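Q: Got a structure for you, questions after.
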Amino acid sequence: MADLHTATAALARDELAAWLRLLETPGIGRQRARRLLRAFGGPREVFEASPAAWREVLDGHKVSEALARPPEGHDALVERTVQWLEQPGCHLLVLGDPVFPSSWMELVDPPLVLHARGRLELLGIDALAIVGSRHPTPQGADNAFQFAAALSEAGMVVVSGLAQGIDGAAHEGALSGPSGTIAIVGTGLDRVYPRQHHALAGRIATEGLMLSEHVLGTPPLAPHFPQRNRLIAGLGRGTLVVEAALQSGSLITARLAMECGREVFAIPGSIHSPQVKGCHKLIKDGAKLVETTQDILDELHWGTSTTVRPAKDQAAPLKVADDQPEDPLLQALGWTPTTLDALQARTGWPTSELNIRLLELELSSQVIRLPGQLFQRQSNA
């Protein structure tokens with residue numbers, strides 16, 4: 001790892017300053033920055049060029065005037081970045097760096113600079129993105145955890161965005177296996193968003209890899225998260241969507257994955273649940289319906305001698321011995337969230353008896369109680 005750090009993070013101070021200045025110059029952005037880099041060869045050469053040369057490359061655009069002077073706070077940012085890079089596991093990767101993910105070079109809008117913290121070697125391992133709702137059902141969160149854990153056991157790195165809900169569950173599941181996880185965030189790496197994931201981010205920085213294209217100190221601004229999604233979609237061999245409503249940002253990630261030529265997978269659910277309507281739309285649009293991790297590995301022609309443990313939440317419905325009939329209340333409950341009134345109508349039992357039996361099933365982890373007085377059977381019972 002020391003060699004990697006030397007090769008990728010120990011930029012000369014003036015080169016580091018030039019990269020940060022190019023990133024932070026108002027109005028330039030990644031597209032114009034790439035035009036300047038193609039024209040002049042590197043960030044230092046950009047700022048050594050004349051204003052007339054800038055205007056020619058940028059078609060006379062007025063933003064060329066902003067290149068003439070460093071942005072406000074530039075020197076402080078350079079100093080803060082230098083100090084950050086001195087910390088263990090901290091790296092700065094620039095476009096064209098040998099460790100820079102080659103899959104991102106295929107993007108229409110690749111990042112110019114990456115701040116990285118953790119295990120850089122994970123960038124050289126095949127990966128799969130897992131994304132989904134920020135407010136999943138308990139079953140959805142468990143799906144994400146179990147699929148991620150099984151993929152990690154199979155030798156695949158799990159990529160996600162450190163958001164609440166499915167993202168966090170996927171990172172946790174991947175960390176429980178040997179292959180680890182990569183979190184691509186929409187803030188500077190000296191910040192954690194959401195705050196609830198402070199401990200998780202610390203684990204990922206040690207056991208996995210944190211990545212950001214934003215400079216240190218960047219706050220969680222709304223436009224950054226859709227931009228981050230293109231990096232999540234483009235890094236791995238595919239994207240798995242776990243619980244997504246029709247307006248979910250996860251559908252953006254899935255669309256970007258399709259545009260990159262990556263595989264898209266989706267876990268189906270109840271036709272009555274708004275939480276999975278986005279997944280069902282993806283399946284209608286050509287995403288692969290998956291029920292087990294092996295479905296993903298088979299689709300990717302993943303060659304591994306590792307025994308992949310199936311995600312327990314995606315196992316076949318609970319099997320019982322021939323001489324032990326299934327609990328009649330579980331049978332009445334089925335596999336979709338159900339109200340107490342509906343259960344009463346199906347079983348004919350009085351409310352008091354239903355409540356007692358439901359509590360027993362909750363305590364034995366066979367049923368979960370959802371908001372709105374809904375009950376759902378757990379398939380991992």
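Q: With unit charges on the beta carbon (Lys/Arg positive, Asp/Glu negative), name the residue among Ile182, Thr218, Ala66 whose Cα is farthest towards the positive pole of the charge dipole of the chain.
A: Projecting each Cα onto the dipole axis, the largest value belongs to Ala66.
Q: Return the equivalent ellipsoid semi-axes of the range 63-222 as a descending list in whole Å, where each equals the square root of 5 times an eigenvalue of the C-alpha gyration tensor. Walk me through the numbers on the way to the answer.
A: Values: eigenvalues 171, 59, 45 Å².
Equivalent-ellipsoid dimensions as semi-axes: 29, 17, 15 Å.
Q: Rounded to a whole number, what % of the accessible area of the chain do carbon and sulfur atoms account for, probe 1.4 Å?
A: Details: 9100 of 17440 Å².
C and S fraction of accessible area: 52 percent.
Q: Next up: In nanometres, what is the gap between the two model label sites at Leu221 and Glu259, each 7 Å from Cα along Cα-to-Cβ?
A: 2.0
Q: Apply the Kirkwood formula to the range 1-154: the hydrodynamic radius equals the inverse of the mean of 1/r over all pairs of different alpha-carbon atoms; give it in Å with one decimal. Present the calculation step by step, with values, prior to reporting the outcome.
A: Working: mean 1/r = 0.0555 Å⁻¹.
Hydrodynamic radius (Kirkwood, Cα pairs) of the range 1-154 is 18.0 Å.
Q: What Kirkwood radius, in Å to one decimal, follows from the Cα pairs of the range 35-117?
A: Values: mean 1/r = 0.0671 Å⁻¹.
14.9 Å is the Kirkwood radius here.
Q: In Å and from the alpha-carbon atoms only, list the Rg and Dmax of the chain.
A: In order Rg, Dmax, the Cα atoms of the chain give 24.4, 87 Å.
Q: Moving on. If the cut-off is a Cα-Cα distance under 14 Å, which aspartates and glutamates reach Lys277, setting aside same-chain residues fewer than 8 apart in sequence?
A: Glu243, Asp285
Q: Taking 0.36 nm per residue of sequence separation and subtracting the Cα-Cα distance, how much length would be gained by fully extending the chain between Glu291 and Leu246, in nm to one decimal? If you can, show how the numbers build up before the last one.
A: Working: separation 45, 0.36 × 45 = 16.20 nm, distance 2.05 nm.
In short, 14.2 nm is gained.
Q: With a 1.4 Å probe and every protein chain left in place, work out the accessible area per residue of the chain in Å², rounded to a whole number. Write down the numbers at each step before the final one.
A: On the way: 17440 Å² over 381 residues.
Accessible area per residue: 46 Å².
Q: Report the Stokes-Einstein translational diffusion coefficient (µm² s⁻¹, integer) for the range 103-189, Rh taken as the Kirkwood radius over Cα pairs, at 10 °C with viscosity 1.306 mPa s. Let's see the in-between values first.
A: Numbers: Rh = 13.3 Å.
My calculation gives 119 µm²/s for D.
Q: Please work out how much length the chain gains when fully extended from His61 to Ala12, using 0.36 nm per residue of separation minus the C-alpha to C-alpha distance, in nm with one decimal.
A: On the way: separation 49, 0.36 × 49 = 17.64 nm, distance 3.04 nm.
Roughly 14.6 nm would be gained on extension.
Q: Could you order Ser176, Ser212 by accessible surface area, starting with the largest, using a probe radius of 1.4 Å?
A: Numbers: Ser176 65, Ser212 0 Å².
Putting Ser176, Ser212 in descending order of accessible area: Ser176, Ser212.
Q: Give the calculated FRET efficiency between Glu24 and Glu326 to the nearest 0.05, with a Förster radius of 56 Å applied to their Cβ-Cβ distance.
A: Values: r = 63 Å, r/R0 = 1.12.
With a Förster radius of 56 Å, E is 0.35.
Q: Test of understanding: extend the Cα→C-beta vector of Glu106 to 7 Å, then name every residue of the range 218-254 with backbone N under 14 Å from that spot.
A: Once the point is set 7 Å along Cα→Cβ of Glu106, 231-239 turn out to lie under 14 Å by backbone N, inside the range 218-254.
Q: Compute the Kirkwood hydrodynamic radius of the range 191-277, taking the inverse of the mean of 1/r over all pairs of distinct Cα atoms, and give it in Å to one decimal. Show your work: numbers first, answer last.
A: Numbers: mean 1/r = 0.0679 Å⁻¹.
That comes to 14.7 Å for the range 191-277.
Q: Considering the dipole of the chain built from charges on the beta carbon (Lys and Arg +1, Asp and Glu -1) around the Cα centre, which of His272, Pro51, Trp335 is farthest to its positive end?
A: Pro51
The values are calculated or read from the model by the stated rules, or taken from the named source; none is laboratory data. The structure presented is a predicted model; accordingly, all values stated were derived computationally and were not measured. Please note: Cβ atoms are built from the backbone with ideal geometry, for glycine as well, and neighbour counts cover all protein chains shown. Side chains included, ligands, DNA and RNA excluded: accessible areas come from the protein's heavy atoms. Shrake-Rupley method; radii C 1.70, N 1.55, O 1.52, S 1.80 Å.
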